[in-house]
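What follows is a short report on a single structure.
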Amino acid sequence: MKLKEKKAAKAIDKTKILVVEDYFTASMGLCNLLDFWGYDTCKLAKSGEEAVKKAEQERPDVVVMDMDLSGTMNGIEAAKMIRSSYGIPIIFTTAFSDDQTIEIAKAAEPVGYFVKPLDFYKLRSFIDIAVNN
């Protein structure tokens with residue numbers, strides 16, 4: 001296989017990630033970093049409703065989702081729907097680390113839970129583990 005063909009095959013096999021974040025600066029920063037690492041970041045979603053719709057349309061390999069979203073459906077509710085309907089692993093990001101929030105988040109069966117500000121290298125390892133399980 002020629003080098004050009006290898007690069008094309010690798011691009012096709014990229015891990016697709018749906019980023020769900022209602023804070024524009026945070027979502028763009030995360031997407032830029034994920035793109036830099038070679039992931040295929042799907043379209044962004046800003047609400048729980050939009051996340052469910054994009055998960056159905058895009059069928060990402062993993063969803064990185066803020067728990068506290070604008071709209072009528074928060075990240076936990078959206079994650080439950082995405083996991084049960086499509087079996088897509090969820091990694092939560094949040095500003096909250098209290099016991100009650102963590103207990104509520106567990107019901108969505110996330111593969112990861114990160115308190116902001118994010119440790120991007122830990123997030124990267126969780127993405128890779130989630131996709132390879």
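The values are calculated or read from the model by the stated rules, or taken from the named source; none is laboratory data. This is a predicted model, so every value here is computed, not measured. Cβ placement follows ideal geometry from the backbone for every residue including glycine, while neighbour counts extend to all protein chains displayed.
Is it the case that some residue within the stretch 22-38 is out of contact with any Cys (no Cβ under 6 Å at 6 or more places or on another chain), buried (at least 23 other Cβ atoms within 10 Å of the Cβ) and not hydroxyl-bearing (Ser, Thr, Tyr)? Break it down into steps so the answer makes sense when it comes.
The first filter runs over the stretch 22-38 and keeps only residues out of contact with any Cys (no Cβ under 6 Å at 6 or more places or on another chain), leaving 22-38.
Imposing the further condition that a residue be buried (at least 23 other Cβ atoms within 10 Å of the Cβ) reduces the set to none.
No, every residue in the stretch 22-38 fails to be out of contact with any Cys (no Cβ under 6 Å at 6 or more places or on another chain), buried (at least 23 other Cβ atoms within 10 Å of the Cβ) and not hydroxyl-bearing (Ser, Thr, Tyr).
Inside the stretch 55-133, counting only helices (runs of 4 or more DSSP H) that do not spill past its ends, which hold 3 or more residues that are within 19 Å of Lys43 (Cα to Cα)?
Filter on the stretch 55-133 gives 75-86, 120-131.
Exactly one condition in (1) assigned to a helix (DSSP H, G or I); (2) out of contact with any helix residue (DSSP H, G or I) (no Cβ under 6 Å at 6 or more places or on another chain) is not met by Val52; state its number.
Every condition holds for Val52 apart from (2).
Pairs needed: first member in the stretch 99-118, touching a residue at least 12 places away in the same chain (Cβ under 8 Å); second member anywhere, among the acidic types (Asp, Glu); C-beta distance under 9 Å; at least 6 residues apart or different chains.
Ala108/Glu77; Lys116/Asp66
Sort out which residues of the stretch 32-46 are out of contact with any Asp or Glu (no Cβ under 7 Å at 6 or more places or on another chain) and not hydrophobic (A, V, I, L, M, F, W, C), and write them in order of number.
Of everything in the stretch 32-46, those that are out of contact with any Asp or Glu (no Cβ under 7 Å at 6 or more places or on another chain) and not hydrophobic (A, V, I, L, M, F, W, C) turn out to be Asn32, Asp35, Gly38, Tyr39, Asp40.
Name the residue that is surrounded by the most Cβ atoms within 10 Å (Cβ to Cβ), counting only residues in the stretch 80-107 that are among the aliphatic types (A, V, I, L, M) and closer than 19 Å to Thr15 by Cα. Please lay out each step first, then the result.
Of the residues in the stretch 80-107, the ones among the aliphatic types (A, V, I, L, M) are 81-82, 88, 90-91, 95, 102, 104-105, 107.
Within this subset, residues satisfying the condition of being closer than 19 Å to Thr15 by Cα are 82, 88, 90-91.
On the way: Ile82: 25, Ile88: 19, Ile90: 28, Ile91: 20.
In this case the residue turns out to be Ile90.
Give the stretch 21-39 a look and list any residue that's part of a helix (DSSP H, G or I) and of a type outside the set (A, V, I, L, M, F, W, C), or say none. Don't jump to the end; show me each part of the working.
Step one: list which residues in the stretch 21-39 are part of a helix (DSSP H, G or I), which gives 24-36.
Result: Thr25, Ser27, Gly29, Asn32, Asp35.
Do you know which residues across the stretch 38-67 are under 18 Å from Ala105 (Cα atoms), small (Gly, Ala, Ser) and within 11 Å of the chain's Cα centre (by Cα)?
Narrowing the stretch 38-67 to residues under 18 Å from Ala105 (Cα atoms): 47-49, 51-52, 62-67.
Next, from what is left, pick out any that are small (Gly, Ala, Ser): 47-48, 51.
Result: Ala51, single match.
So for the stretch 63-71 (the condition being modelled with pLDDT of 95 or more and either at positive phi or of a type outside the set (A, V, I, L, M, F, W, C) (or both)), does at least one residue qualify?
Among the residues of the stretch 63-71, at least one is modelled with pLDDT of 95 or more and either at positive phi or of a type outside the set (A, V, I, L, M, F, W, C) (or both), which makes the answer yes.
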